[in-house]
Amino acid sequence: MGKGCLTATKYFLFLFNLIFFLCGALIMGFGLWLLLDNQSFIVVLNNSTAVKVACYILIGVGAFSMLMSFLGCLGAIYEIRCLLGLYFTCLVLILIAQIAAGALIYFQKDVLHGEMSKVVTKVLDDYPGNNSTTEQAWDFIQRKMECCGWNGGNDWNGNMVIVNSSRLLFPCSCQNVSVSSGNFSESGFCEAQTPDWPVYSTGCADSVESWLLTNIGVVLGICLGVAFIELLGMILSMCLCRNIHTEDYTKVPKY
């Protein structure tokens, strides 16, 4: 490989690693958002160990990707073969892990759906109306999506507050303003005047699943982009590593 091609390969590898660094930052940021956002459906699922593990995996993958891209940039600019070799090896491992994770999610999607349903059912049954973070998230979903319960308003029939109350209570965030009158709270429980609750007839399952699929599409799109960049990085790093004939560690900046 000529000197000009070697230089071009080196700077292309630097550019791709810069993009790879930004993609890693996006993945880590998405994982942090899932953990910290107090007004999304993920808050309702935070009681699920599987969801928390998935969030921490996203954060870890993003941070590791950023570290590897930094090593790739350093190895490319200063032509350090050991760093380029380490970078190539890590890219192979990350790519294998991504393929394995994607296959696991695809083949276990029914299990994930069942886990989500169980968590939501438990949230509805244990909803005490004390305005906790999880309850705020679920109230926000029902108000904004104009839905009630998971499959419908009957899902609230297992709630202990409603069952044990001598009054006709219903979740305030389910209130259908088009069929009810009066001022109701946006959270907790409200008293109904008739056995027919003035609530939305549709459940939140379809809307929530659509929201999740939309966000999963964003994640998958980012992962595919990262995988493409990884392949380019692997090719460029191998070409550069094979055409560096000497290791000059004096090129490493000293601090």
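The values are calculated or read from the model by the stated rules, or taken from the named source; none is laboratory data. Here the structure is a predicted model, which means the values were calculated and not measured. Please note: Cβ atoms are built from the backbone with ideal geometry, for glycine as well, and neighbour counts cover all protein chains shown. Keep in mind that these areas ignore ligands, DNA and RNA; they rest on the heavy atoms of the full protein, side chains included. Shrake-Rupley method; radii C 1.70, N 1.55, O 1.52, S 1.80 Å.
Give S187, S201, S178 a once-over and let me know the one that is at pLDDT below 80 and either open to solvent by 60 Å² or more (accessible area, probe 1.4 Å) or more than 23 Å from T121 (Cα to Cα) (or both).
S178
Mind listing whichever residues of region 59-102 are surrounded by fewer than 17 Cβ atoms within 10 Å (Cβ to Cβ) and of a type in the set (G, A, S)?
G60, A63, G85, A97, A100, A101, G102
Quick check: is even one residue across region 51-58 under 26 Å from L240 (Cα atoms), at pLDDT 80 or above and open to solvent by 70 Å² or more (accessible area, probe 1.4 Å)?
no
Go through (1) of a type outside the set (A, V, I, L, M); (2) out of contact with any helix residue (DSSP H, G or I) (no Cβ under 8 Å at 6 or more places or on another chain); (3) without any contact (Cβ under 8 Å) to a residue 24 or more places away in the chain for P195 and report which single condition fails.
The number of the failed condition is (3).
Within region 32-39, identify whether any single residue is modelled with pLDDT of 80 or more, touching a helix residue (DSSP H, G or I) at 6+ places or on another chain (Cβ under 7 Å), within 30 Å of Q142 (Cβ to Cβ) and in a helix (DSSP H, G or I), and answer yes or no.
Scanning region 32-39, I find at least one residue that is modelled with pLDDT of 80 or more, touching a helix residue (DSSP H, G or I) at 6+ places or on another chain (Cβ under 7 Å), within 30 Å of Q142 (Cβ to Cβ) and in a helix (DSSP H, G or I), so the answer is yes.
At pLDDT below 85, closer than 25 Å to A54 by Cα and in a loop (DSSP other than H, G, I, E, B): which single residue out of W211, W150 fits that description?
Every option except W150 fails the conditions.
Would you confirm whether or not region 160-172 contains a residue that is modelled with pLDDT under 75 and more than 29 Å from the chain's Cα centre (by Cα)?
No, because not a single residue in region 160-172 is modelled with pLDDT under 75 and more than 29 Å from the chain's Cα centre (by Cα).
Give the residues of region 103-143 that are of a type in the set (D, E) and open to solvent by less than 30 Å² (accessible area, probe 1.4 Å), sorted by residue number.
E135, D139
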